[in-house]
Every structure is written in structure tokens, then in C-alpha cells.
Amino acid sequence: MEDQTEQQQATPEVRARIQASFDQQGLMRHLGARIAHIAPGVVHIVLPRRPEVTQQHGYIHAGATSAIADTAGGYAAFTLFPENTAVLTVEYKINLLAPAVGDHLHAIGTVQKAGRTLTVCQLEVFGVQGEHRSLVATGQQTLICLKERPENPQDP
């Protein structure tokens, strides 16, 4: 049975805040990743298979797999954070279960425990080939809610 949060959508304001933040991520843009779903405590990210994200054996690189997992979890937490806050990953662990193959990868970040300061998320990444979907990575992540937006690291 599908989880009820998977069927929900975040409010238009939260979706706009998440998408605006995601659009500022140079790495996600470079990888060709996009947000596919935003719900309270749940975010899905899709990464199309392209030669630029593969490793020497033709699998999608673990770095790309990990990056979309981390980002999906971060934005899942951010859906529950108050306005005028920011999210940063404190730590994450990922287990690579199988080679990342398919037309695309589908990462799902799901909040397991939301706190005032720290939030814990479950991370899953699936390789998708047509209608076939297989789990290629799983992990857990801790994120921090910052009360003020961090300064631009490019500023002197």
C-alpha cells in the first residue's frame, strides 16, 4: 500500500521555496537532475543516465548516486522547516547495494524524525529501466535547520 505522504503535495509556497533552492544548486544542474515530487517530508529526484554521470564500467557513478540521495533527503527535511531557515547536511551514510543501471535513477528522501534542530531522513535510490525498478542504494542522513540563511560562500 502506498504511503499517504506519497500521494500528498506540498503547498505551492513550499514547492516554490524548494524548487528555487534546488535551482541554485550547480551540481544538480551539472548532473542533469530534476525534482519529480515534493510532499510534506518527502522529495523525489530523478537523474537521467548520460555518459557524463557514468564510471569506467558504464554504471552510473556512486558519486552521482550519493549526491541525488543527499539532495532528496535535504529537501525532504526542508519541506518541514519554517520560512527564513536553511538546511545543511550534518552527516549521511549510504550503502551501495547494486550497480546503478537503468534509463534513470530515482532518489527518494523521506523524513523519519523531524526535530526543532536536527532531522533524520531515510534515503533510497532506485535504478529504473522501463517499468522495472530496483533498489541500488539506501542510506540515512541527519540534517540541521539553520535559523538564518547562511551567507554566500562566494562573498569575501
Per residue, what accessible area does the chain have, given a 1.4 Å probe and all protein chains present, in Å²? 57
Calculate what fraction, in whole %, of the accessible area of the chain sits on carbon and sulfur atoms when a 1.4 Å probe is rolled over the protein chains. 51
What figure, in Å² to the nearest 10, do you get for the accessible area of Val87 with a 1.4 Å probe and non-protein molecules left out? 30
With each run of n ≥ 4 DSSP H residues scored as -39500 (n - 2.57), what mean residue ellipticity at 222 nm is computed for the chain after dividing by its residue count and rounding to the nearest 500 deg cm²/dmol? -7500 deg cm²/dmol
Under a plain spin-label model, where a point goes 7 Å from the Cα along Cα-to-Cβ, how far apart in nm are Ala20 and Ala62? 3.8
Anisotropy class of region 1-83 from Cα gyration tensor, a/c 1.5 cut: prolate
Where the Cα pairs of region 65-104 fall when distances are cut into 5 Å bins, in %: 6, 18, 26, 20, 14, 9, 5, 3
With a cut-off of 8 Å between alpha carbons and a minimum separation of six or more residues, what is the relative contact order of the chain in percent? 22
Not counting the cut sites, what is the longest span of the chain without trypsin sites (Lys or Arg not before Pro) that DSSP labels loop and that have at most 11 other Cβ atoms within 10 Å? 1-115
When every protein chain stays in place and a 1.4 Å probe is rolled, Asp70, Asp23 sorted by accessible area with the largest first are Asp23, Asp70
Once exposed loop GluC sites (Glu not before Pro) are cut out (DSSP; at most 15 other Cβ, 10 Å), longest piece of the chain: 3-82
Suppose the Debye formula is applied to equal point scatterers at every Cα of the chain; what is log10 I(q)/I(0) at q = 0.12, 0.14, 0.17 Å⁻¹? -0.49, -0.66, -0.96
How much length is gained on full extension from Glu148 to Arg116, taking 0.36 nm per residue of separation minus their Cα-Cα distance? 10.1 nm
Compute the long axis of helix 12-23 from its Cα atoms, compare it with the longest principal axis of the Cα atoms of the chain, and write down the angle in degrees, 0 to 90, nearest 10. 60
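The values are calculated or read from the model by the stated rules, or taken from the named source; none is laboratory data. None of the values given here were measured: they were computed from a predicted structure. Positions of Cβ are backbone-derived with ideal geometry, glycine not excepted, and every protein chain shown enters the neighbour counts. Accessible surface areas use protein heavy atoms only, side chains included; no ligands, DNA or RNA. Shrake-Rupley method; radii C 1.70, N 1.55, O 1.52, S 1.80 Å.
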